[in-house]
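Report on the following structure.
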Amino acid sequence: MRDIYFSTNNLNSIQEKDLEDYLIQHLDKIENGLTYVTRQFDLNEGRIDILAMDKDEKYVIIELKTAIDKTLIWQCMYYPDELKQLYKTRKVRMITISPEYPDYLLKPLRKIRNIEHYRYNIAISNHKVEDIQLYKIS
């Protein structure tokens, strides 16, 4: 059976966990040199989807979305600060990965420092992520 390629608006057949499972095994699709640390990392408030370390030994928070979610703004403000306090470090970055970023979401997100945003297209077969292509949002 061949893969079915969904546009960024047709992700109903997968859940965030499916995307997370795939990306943990393919962190190089996000950035070369990323090393997996943990997943579903609990903070005082909220939970980081994927925590990784980059080649410069900075923590990288990876927040995944399968649909537009306004709480992403809060997560981008809270998660890095909370992780910095928890690990007593300033070496924290954040990456968001979402199928789309409407202007009302992207405008405030761009005001937050040290955050990178990626849009994706995804290949799904039998309700399983087969491949993903990431596009950095400038």
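Taking the stated definitions as given, is R90 at pLDDT below 90, out of contact with any strand residue (DSSP E or B) (no Cβ under 6 Å at 6 or more places or on another chain) and farther than 20 Å from E16 by Cα? Considered against the rule, which asks whether it is at pLDDT below 90, out of contact with any strand residue (DSSP E or B) (no Cβ under 6 Å at 6 or more places or on another chain) and farther than 20 Å from E16 by Cα, R90 comes out as no. Applying the criterion of being basic (K, R) and modelled with pLDDT of 85 or more to the residues of segment 110-138, the residue that is most open to solvent (accessible area, probe 1.4 Å) is R113.
The values are calculated or read from the model by the stated rules, or taken from the named source; none is laboratory data. All of these numbers come straight from a predicted model, not from anything done at the bench. In this analysis, Cβ positions are derived from the backbone assuming ideal geometry, glycine residues included, and neighbour counts consider all displayed protein chains. Just the protein is used for accessible areas: all its heavy atoms, side chains included, with ligands, DNA and RNA removed. Shrake-Rupley method; radii C 1.70, N 1.55, O 1.52, S 1.80 Å.
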